[in-house]
1. Length gain on complete extension for the stretch Glu30 to Tyr51, per 0.36 nm per residue less the alpha carbon to alpha carbon distance?
2. With equal scatterers on the alpha carbons only and no solvent term, can you work out the Debye log10 of I(q)/I(0) for the range 1-72 at 0.23 1/Å?
3. Please work out whether the range 38-143 counts as rounded, prolate or oblate from its C-alpha gyration tensor, where a ≥ b ≥ c are the square roots of the eigenvalues and a/c under 1.5 means rounded, while otherwise a/b larger than b/c means prolate and anything else oblate?
4. Taking only DSSP H segments of four or more residues, each worth -39500 (n - 2.57), what value at 222 nm results for the chain once the sum is divided by all its residues, to the nearest 500 deg cm²/dmol?
5. Give me the angle, in degrees from 0 to 90, between the Cα long axis of helix 86-98 and the longest principal axis of the Cα atoms of the chain, rounded to the nearest 10.
6. So who's got an amide H within less than 5 Å of the one on Phe77, skipping anything under 5 residues away but keeping other chains? H placed 1.01 Å off N, in plane.
7. Once fully extended, how much extra length lies between Arg10 and Asp121, figured as 0.36 nm per residue of separation less the alpha-carbon to alpha-carbon distance?
8. What is the extension gain from Thr2 to Lys97, computed as 0.36 nm multiplied by their sequence separation minus the C-alpha to C-alpha distance, in nm to one decimal?
Amino acid sequence: MTIAVRYQTRNGNTEAFANQIAAVAGVQAEKIDTPLPADPVDILFVGGGTYMLRPDKTLSAFVGSLDATKVKHIAIFTTSGGPETPADKSLTKLADKQGIPVIGHFHQMMGGKGMIGAKKDVTLKPDQIQAVKTFAESMLAHN
Ligand SMILES: Cc1cc2nc3c(=O)[nH]c(=O)nc-3n(C[C@H](O)[C@H](O)[C@H](O)COP(=O)(O)O)c2cc1C
């Protein structure tokens with residue numbers, strides 16, 4: 001099974017989750033400008049933050065340009081300050097448009113964490129690590 005993890009981040013929150021997913025999957029988490037593997041990807045984990053009720057436009061462009069013959073399934077992970085999940089909804093629509101099934105969604109509300117200041121290493125709480133690992137494992141069990 002070919003797995004890839006691609007993420008967009010401004011302040012490191014989403015990156016921290018991407019790294020946890022990648023560790024479970026046994027791959028490296030990469031930013032969205034890193035090309036996908038040459039082989040078709042069975043599960044592409046795609047993640048990003050929420051900015052003014054939207055995903056970053058670079059991430060929307062990335063998902064909106066995915067090729068269904070090269071990416072078989074998508075698992076979306078998003079972070080935001082508040083409880084709403086507009087980035088997830090928007091990315092799901094873009095995946096649908098490309099004809100790529102979205103097999104799961106993970107969302108974490110970060111509150112004020114990462115809202116201000118320069119990008120730095122984000123330390124996740126144990127329950128956040130557990131939640132994202134459980135998500136990754138359940139996606140990898142998809143067949
Ligand atoms: C410019 C900016 C706009 C934001 N807009 C929203 C928003 O509309 N809704 C929300 O819930 N969180 C919002 N947030 C919070 C981020 O979604 C949250 O910090 C997220 O974890 C950022 O991910 P990142 O650290 O990977 O960039 C915003 C943060 C920034 C910096």
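Readers should treat all values here as calculations from the given coordinates under stated rules, not as data from a laboratory. All of these numbers come straight from a predicted model, not from anything done at the bench.
1. Full-extension gain reported as 5.5 nm.
2. -1.04
3. Here the range 38-143 falls in the oblate category.
4. -10500 deg cm²/dmol
5. The angle comes out at about 10 degrees.
6. Those lying under 5 Å, H to H, from Phe77 are Val46, Gly47, Gly48, Phe106.
7. This chain segment gains 38.8 nm when fully extended.
8. Length difference between fully extended and current span is 31.9 nm.
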